[in-house]
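The values are calculated or read from the model by the stated rules, or taken from the named source; none is laboratory data. Bear in mind the structure is a predicted one, so any value in this text is a computation, not a measurement. For neighbour counting, all protein chains shown are included, and Cβ atoms are generated from backbone atoms with ideal geometry for every residue, glycine included.
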Amino acid sequence: MAKDVIMPALGMAQETGTLIQWLKKQGDNVTKGEPLMEIETDKATVEIEAPASGTLASITAQVGDVIPVGQRIALILAPGESESNATPPSTPQPVSVPSTSAKPQTFSATPVAARLAAEHNLDITKIKTNGGQVRKEDVLAYIEERGKRKDVFPSRILASPKAKRLAKENGIDLSTIKGTGPDGAILVSNLHSLILNSPIPNSQITTSKMWRVMADRLTQAWTTIPHFYLMREVNASRLVTWREKAQKNSTEKITYTDLLVKLTAVALRKYPRLNASWINENIMLNHDVNIGLAVAVDDGLLVPVIHHADEMNLTELASSRSGIVSRAKSNKLTLDDLSGGTFTISNLGMYGVDTFNAIVNPPQAAILAVSRIADRVVPVNGQPAVQPMMTLSLSCDHRVVDGARGAEFLQTLADLIEEPLQLLN
């Protein structure tokens, strides 16, 4: 039986997604789980995997279309199945294309016509039709007529999604750029010199869609969540020793973030209210411990998630952390990477920050802000000594967590940081 390919949702608030590119063509064989298309939502640009194995068919969405969540945009046909006997969508969807007129127009086309036009990079608004819907015959006639006029099809500019966005934001004509990527594709690196050397006409910075969404959501979180903060300075000497020992026994690079994720996951199991969510004016306890890591990217802030962090050993945590951070930096996060977070850690220690407060990431109950490890003079057994110290700041949603529960969680986490080897006993 044919399997629907639909526009997925990254979150409950998402209503639409923009198709950035198809990674497979009409008629290609696909395998369940392999990348099928790339979409852009309010959160990020992500690759969507094929929901089944078979033949890609009935593509109705074109690059640049803004598509409602849940709408079918293609089919994956089972072996021996044809488009004619596949189940049609409950409501035929028009194919939206850009228009140069003052009002945006919506043109209707059969799936085969839409696919054929997309393959030849044709503007469907220029194709004449006798009826109200563009058919395959109309597209073929248009192609033949262009061939007689030797009006060669416009060459398609190959560029990464991020390069296209940067070019648009900075007014750069991609047709003037020589790409160095596969098949001459234009990469972000090909634009850097132009962006750096271009004159700045005024002091206004054009923000990306991701940055605007981030700004809106943080503003909403800051103004609607009753924050309170708990701070604790901890001795990180045992943490430093633990990392050195762990690194010798692991093939993955072990970072302090990996250690903190491990310890935080243990503490969250003991204090489930810190792992809860505020949803529809109720406290929802989350069964899984899925820790998000705040990652800064060019276009804003992403929070990819390490799922089941409490069930992983250090090597597994390091591998998972390395993977999601790398995918975030290269704009290759998956739906799973961005879904299901129950607690967030924001670590700015690598930037030399001594202390800071973070904004709670709704609907989560809390976020942990981590500063750098720095040598300070502190009392040890009644005598001054230089020790590596680190400041933790816990931001809590007072609707879910009260001061006592937050303090108990932070106390437990601090004890684990100062005596982490107890986890190995």
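The set of residues from segment 301-327 being assigned to a helix (DSSP H, G or I) and not hydrophobic (A, V, I, L, M, F, W, C) comprises ASP310, GLU311, THR315, GLU316, SER319, SER320, ARG321, SER322, GLY323, SER326, ARG327.
Here the condition is being crowded, with 19+ Cβ neighbours inside 10 Å and touching a Pro at 6+ places or on another chain (Cβ under 8 Å); of LEU259, LEU285, LEU268, it holds for LEU259 alone. Quick check on segment 360-369: of everything there that is in a loop (DSSP other than H, G, I, E, B) and closer than 18 Å to TYR271 by Cα, which residue is modelled with the lowest pLDDT? Checked segment 360-369; the qualifying residue modelled with the lowest pLDDT is PRO363.
Within segment 30-39, the set of residues being out of contact with any Leu (no Cβ under 8 Å at 6 or more places or on another chain) and on the phi < 0 side of the Ramachandran plot comprises THR31, LYS32, GLU34.
For segment 320-331, a residue qualifies if it is buried (at least 16 other Cβ atoms within 10 Å of the Cβ) and of a type outside the set (Val, Ile, Thr), and the qualifying residues are SER320, ARG321, ARG327, ALA328, ASN331.
In segment 241-256, the residues that are basic (Lys, Arg) reach residues that are surrounded by 11 or more Cβ atoms within 10 Å (Cβ to Cβ) and at pLDDT 90 or above with C-beta atoms within less than 8 angstrom, at least six apart or across chains, in these pairs: ARG243/ILE254; ARG243/THR255; ARG243/TYR256; ARG243/LEU259; LYS253/GLN247; LYS253/ALA318; LYS253/SER322. Every condition in (1) at pLDDT below 95; (2) of a type outside the set (Val, Ile, Thr); (3) out of contact with any Phe, Trp or Tyr (no Cβ under 9 Å at 6 or more places or on another chain); (4) surrounded by 19 or more Cβ atoms within 10 Å (Cβ to Cβ) is met by ASP299 except one, and the failing one is (3).
For segment 203-241, filtered to residues that are over 28 Å from the mean Cα position of the chain (by Cα) and of a type in the set (D, E, K, R), the residue that is farthest from LYS168 (Cα to Cα) is ARG238.
Of all residues in segment 343-359, those satisfying the criterion of being aromatic (Phe, Trp, Tyr) and outside any strand (DSSP E or B) are TYR351, PHE356.
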